[in-house]
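Peer 1: Take a look at this one; I'll ask things after.
The values are calculated or read from the model by the stated rules, or taken from the named source; none is laboratory data. All values derive from a computational prediction rather than experimental measurement. All Cβ positions, even for glycine, are placed from backbone atoms using ideal geometry, and neighbour counts span all protein chains on display. These accessible areas exclude ligands, DNA and RNA; they are computed on the full protein's heavy atoms, side chains included. Shrake-Rupley method; radii C 1.70, N 1.55, O 1.52, S 1.80 Å.
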Amino acid sequence: MDLKQNKLNAIKFYQMAYQGEPAKAFDLYGGNEYIQHNPDVANGKQGLVDYFTRMKEDYPEKEISFVRAIAEGNMVALHTHQVWPDNDEYITMDFFRFDEKGKIVEHWDSIQQIPGHSHNGNTMY
């Protein structure tokens, strides 16, 4: 496994899908299967395409930045910062599993809204 390339491919895949080109993202970086663990997204290419197409239509001004990427074995973890309408900010942690050909075949995520205050003074990043 090429860990550096997998990290870059996970970022490109997510960024391209998020910004409104999910079919292209899947064609370039997706595998023969795609198992989805987010309950709002169906399995397979079409589930990914439908979800991100709907998000682009409903929230065209949303933004994403990638804070860090970590790779180990056949897995890549991405830590992102997302800004949605009305300055609604979220952090996400996404996990992607790659097959032996370097294609993304499985996805998990966790999303948390950034609160207006913190009891410890630390950022979410």
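Peer 1: Report, to the nearest whole %, how much of the accessible area of the chain belongs to carbon and sulfur atoms, 1.4 Å probe, protein only. Show your work: numbers first, answer last.
Peer 2: Numbers: 3560 of 7420 Å².
The value for the chain is 48 percent carbon and sulfur by accessible area.
Peer 1: Taking GluC sites (Glu not before Pro) as candidate sites, keep only those in a DSSP loop with at most 13 other Cβ atoms within 10 Å, then name the longest stretch of the chain containing none of them.
Peer 2: Details: sites that count: 61, 100.
With GluC sites (Glu not before Pro) excluded where exposed in loops, the chain gives 1-60 as its longest stretch.
Peer 1: Rank 74, 32, 87 by mean-square fluctuation in a GNM of the chain with C-alpha springs under 10 angstrom and give only the top-ranked residue.
Peer 2: 87
Peer 1: Could you tell me how many degrees, from 0 to 90 and to the nearest 10, lie between the Cα long axis of helix 3-18 and the main elongation axis, the longest principal axis, of the Cα atoms of the chain?
Peer 2: Here the helix axis deviates by roughly 70 degrees.
Peer 1: For the stretch 38-89, just the Cα set please: Rg and Dmax, both in angstrom.
Peer 2: 13.4, 39
Peer 1: What accessible area per residue comes out for the chain, rounded to a whole number of Å², with a 1.4 Å probe? Walk me through the numbers on the way to the answer.
Peer 2: On the way: 7420 Å² over 125 residues.
Here the residues of the chain average 59 Å² of exposed surface.
Peer 1: Taking 24 Å as the cut-off for C-alpha to C-alpha distance, list the pairs among 12/62; 45/101; 4/62; 62/101 that go past it. Could the numbers behind the result be given before it?
Peer 2: Numbers: 12/62 17 Å; 45/101 17 Å; 4/62 27 Å; 62/101 32 Å.
As for pairs spanning more than 24 Å Cα to Cα, those are 4/62; 62/101.
Peer 1: Within the stretch 1-105, report the trypsin sites (Lys or Arg not before Pro) that DSSP leaves as loop and that have at most 11 other Cβ atoms within 10 Å.
Peer 2: On the way: sites: 4, 7, 12, 24, 45, 54, 56, 62, 68, 97, 101, 103; in loops: 62, 101, 103.
For trypsin sites (Lys or Arg not before Pro) across the stretch 1-105 that sit outside H, G, I, E and B with at most 11 neighbouring Cβ atoms in 10 Å, the list reads 101.
Peer 1: Could you compute how fast the stretch 1-46 diffuses translationally, taking Rh as the Kirkwood radius over C-alpha pairs and applying Stokes-Einstein at 25 °C with viscosity 0.890 mPa s? Give it in µm² per second. Don't jump to the answer; show the numbers that get you there.
Peer 2: Working: Rh = 11.2 Å.
D = 219 µm²/s.
Peer 1: Further question on the same structure: Which aspartates and glutamates, if any, have their Cα less than 14 Å from the Cα of residue 103, not counting same-chain residues under 8 positions apart?
Peer 2: Within the straight-line cut-off, residue 103 pairs with 2, 27, 33.
Peer 1: Take the alpha carbon atoms of the stretch 35-63, find their center, do the same for the stretch 70-125, and report the distance between the two centers in whole angstrom.
Peer 2: For the stretch 35-63 versus the stretch 70-125, the Cα centre distance is 15 Å.
Peer 1: So what is the relative contact order of the stretch 62-125, in percent, for Cα pairs below 8 Å that sit 6 or more residues apart? Could the numbers behind the result be given before it?
Peer 2: Values: 110 pairs, mean separation 15.4, N = 64.
Reported relative contact order: 24 percent.
Peer 1: Further question on the same structure: Using alpha-carbon pairs under 8 Å, 6+ residues apart, how would you state the relative contact order of the chain in percent?
Peer 2: Taking the mean separation of contacting Cα pairs over the length of the chain, I get 25 percent.
Peer 1: Also: So if I average 1/r over every pair of distinct C-alpha atoms in the chain and take the inverse, what Kirkwood radius in Å does that give?
Peer 2: Numbers: mean 1/r = 0.0668 Å⁻¹.
In the chain this quantity evaluates to 15.0 Å.
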